[in-house]
Amino acid sequence: MEKHHIEKNTVQETLIIPLYGRKVCADHYPELFEDKEAERICGMLDYDFASKRKLMESPAGLFGALEVAQRHYDLLWEIRNYLFDHPQAAVVNLGCGLDDSFNKVDNGHCHGYNIDLPEVIAIRNELLGTKERETNIACDLNDFSWMDHVDGSKGAIFFAAGVFYYFRKEDVRRLFITMAERFPGAVVVFDCCNDRGARMMRKTWLKEAGISGVEAYFSLEDENELKTWNDRFMKVSTRSYMRGYRDIYSNVNLFHKLMMVFCDRLVRMKIYKIVFKGEER
Ligand SMILES: C[S@@+](CC[C@H](N)C(=O)[O-])C[C@H]1O[C@@H](n2cnc3c(N)ncnc32)[C@H](O)[C@@H]1O
C-alpha cells in the first residue's frame, strides 16, 4: 500500500506530534499507554519519523510525548464518563487528525463524528475510513456548517486535543457560544495552558518539532475567564492535565516529575470542561 505523504510546515503536520507521541509513549511506558493503533497509523505515513524520534527521545521531547499520551487518556476518560449517562450521544472529535478515540470508546450505541480540514479528512478517509455509526466531516471548524451534520438529540460530547492553540481567542469564543446555542445540554472538553505556556510552545515545541509555518495563540489563565463568556455556560471546571485523571508522578523520572510540577503551577496546563445549559422545560 502506498504511504501517505504529510506536507511539512502546515497545520496538518501538527497531527504528527500527538500521533507519534502516543506511539513513543507506548514504546517507553507500555504499562501506562498501550496504543497499537498509533503505531499502525504511523506505519502508513510517508514522513520523516527518524528525525522526530531523535527529538522525542531527548528528556524534554519525551516529556512532550508523555503530555500528549496523558491528554489522550484524560479525554477518553471524559468521553466514557459522559457516555455512561448518555449512551447514544454524539461523540465529536474537533480537529481529529488521525486520532482514533471513537474506536476506543465505542459502546455500540453512540455516534462518532470526526471533523478536520479537508486535506486531513482526505487522508483519514483513505487510511482509516469509517466504521458503523461514524462520520468524517471535512470542514474548517470556523465554518459552522459542520454543526448541521451533527445529531445532538441524544446528547453530545465535543472534545478537542491540541487544537485550539492554533486558534485566536475570539474564534474559540464564537465557536463555543454557537455550540452552546445549537447543542443545549452538551459538553465540550479540551486542553489549554496559560499565556506563558502558549509563548513557550511557539518558541520551543513547534520550533523543535521543525514546524515553522504555524502560529499558536489561544491561552487561558483559569476557568474564571470562560465563565464570563456566555450565560449558557452552565458549569465550567478544570482538572490538572498531567495528574487530574490518574497520577503518573511515581512512574516517571525526576526530570519529568519536575516538569509535571512546572506544567501544573507555572504553565497551568489543564483539561477544561464546559457544560452548556440544557433546553428550557
Ligand atoms: C495537534 S493536531 C491534533 C490532532 C488530534 N486531535 C490528536 O490529538 O491526535 C491539530 C489538528 O487540528 C486540526 N485543525 C487545526 N485548525 C483547524 C480548523 N480551523 N478546522 C479544523 N481542524 C483544524 C489540524 O488539521 C490537526 O489535525
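Things worth noting here:
- Test: residue in region 7-29 that is in contact with a Pro (Cβ under 7 Å, 6 or more places away or on another chain) and within 13 Å of the ligand (Cβ to nearest atom): no
- Criterion applied to Ile115, Ile123 was being within 13 Å of the ligand (Cβ to nearest atom), open to solvent by less than 20 Å² (accessible area, probe 1.4 Å) and in contact (Cβ under 8 Å) with a residue 24 or more places away in the chain, and the one residue passing it is Ile115.
- Meets criteria (closer than 30 Å to Gly155 by Cα and either of a type in the set (D, E, K, R) or surrounded by fewer than 14 Cβ atoms within 10 Å (Cβ to Cβ) (or both)) for Asp74: yes
- Among residues of region 53-74 that are in contact (Cβ under 8 Å) with a residue 12 or more places away in the chain, those with a beta-carbon under 6 Å from a residue that is away from the ligand (no atom under 12 Å from the Cβ) and not in a helix (DSSP H, G or I) at least six positions away or on a different chain give the pairs Ala69/Phe33; Gln70/Met242; Asp74/Tyr245; Asp74/Ile271.
- Residue that is surrounded by the most Cβ atoms within 10 Å (Cβ to Cβ), among those in region 262-280 that are out of contact with any Phe, Trp or Tyr (no Cβ under 7 Å at 6 or more places or on another chain) and assigned to a strand (DSSP E or B): Lys273
- Residue list for region 87-104, restricted to those being more than 7 Å from the ligand (Cβ to nearest atom) and either open to solvent by 10 Å² or more (accessible area, probe 1.4 Å) or among the acidic types (Asp, Glu) (or both): Pro87, Gln88, Asp100, Asn103, Lys104
The values are calculated or read from the model by the stated rules, or taken from the named source; none is laboratory data. All values reported here derive from a predicted model rather than from experimental measurement. Cβ: placed from backbone, ideal geometry, glycine included. Neighbour counts: every protein chain shown. Protein only, heavy atoms only, side chains kept; ligands, DNA and RNA dropped before computing areas. Shrake-Rupley method; radii C 1.70, N 1.55, O 1.52, S 1.80 Å.
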